[in-house]
Amino acid sequence: MTERPFEALGLSADADRAYPLLIATRGVATAELARILGVPGRLAEAACGELAARGLAEQGADGLWYPLPPQAGLLPMMSRVEEQLRKGRELLDHLGVVYQRVHEGHRAEEIVRTVQGAEAIARHTAEVHGAAREELLFFARGPGAAEDLPSAADPHVRRRVLLERAEVEAEFAFGGVQAPSGTQVRVVERLPVRLCIADRRTAMLPLAADGAPPDPVLLVIGPSGLLDALVSLFESLWARGVPLGPPQDDVRLRILSMLVGGSTDAAMARALGVAVRTVQRHIAAMERSVGADNRVQLVWHAARHGWLDG
């Protein structure tokens, strides 16, 4: 999956890729931008128009596209997104209070059930995973979470997993995180709880977020405002996560190939027709995505996982 740093701000994929390229130039023609992006000219023109509408770029009298200062356009957008996330967290807290106050007795039993004991929890979890038909969402939090990435009985079920960066970095020394086929994995700094949501109709939430208590208890949450809030929490963190896995961006794959071949930053920049800083930013992003501390670890990880095979 191509990393899109400004996806959460509402930029399209082409505009997301075009803006860093504009920043690294002193003006670029639409045709040249299209060549670098590897898209038709009309899509490059549309991306520039989108950036202009957001106050991030402008077209000069010479017909070239020029970037505008990123702070002026991006900071207000980021502030709006952060405010939405803050309100989402407040909504989650509020819904929890409302649930405790309003949903008592029989109605509470319909919305939230408990499953107690390790064997019963394992059996119920397997049933929920096997019954999923559309999507499974996971907060894989805590030690060993990366060793038990989910699978589903139906190979067509979409699986999305969020991991904590500390877990990814810990697993790096043992060969890295191996995601099952069909599973999308992203990395965030911290996760609030362990969580599984199946088809947006059922959520499973351990009362103890970490560890293995003697008599564990699992909350099973059915369709309700509380479940909707958990789905919204997942989506907000997913939008901020860094994709884990081989880069799908052609530019990054070329950079990685040249890096393996021993090319210098300057040589890679000349080959790609971009600035040295742009090459360095791409490499840093790939290092973050796999939990690598340096380029040697990045190259080792790429070789071990066959990112450049063929």
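Data for the structure
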{"item": "Distance between modelled label sites at VAL193 and ARG123, nm, 7 Å Cα→Cβ extension", "result": "2.4 nm"}
{"item": "Segments 86-96, 189-199 sorted - mean Cβ within 10 Å per residue, highest first", "result": "189-199, 86-96"}
{"item": "Order by protection proxy (mean Cβ within 10 Å, highest first), peptides 13-24, 276-287", "result": "13-24, 276-287"}
{"item": "Note, ³J(HN,Hα) from phi for the range 26-41, Karplus 6.51, -1.76, 1.60, rounded to Hz, x at Gly and Pro", "result": "10, x, 9, 6, 4, 5, 5, 5, 4, 5, 5, 6, x, 10, x, x"}
{"item": "Heavy atoms of MET78 accessible to a 1.4 Å probe, total area in Å² rounded to 10", "result": "80 Å²"}
{"item": "Charge sum, other residues only, whose C-beta stays under 14 Å from LEU92's C-beta, Lys/Arg counted +1 and Asp/Glu -1", "result": "-1"}
{"item": "The range 10-99, accessible surface, carbon-and-sulfur percent (1.4 angstrom probe)", "result": "60 percent"}
{"item": "Per-pair calculated FRET efficiency, R0 = 30 Å: ALA166 and SER257 via Cβ, rounded to 0.05", "result": "0.50"}
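The values are calculated or read from the model by the stated rules, or taken from the named source; none is laboratory data. This structure is a prediction, so every number in the text was calculated from the model and none was measured. So basically every Cβ, Gly included, is an ideal-geometry build from the backbone, and we count neighbours across all protein chains shown. These area figures cover heavy atoms from the full protein model, side chains too; ligands, DNA and RNA do not enter into them. Shrake-Rupley method; radii C 1.70, N 1.55, O 1.52, S 1.80 Å.
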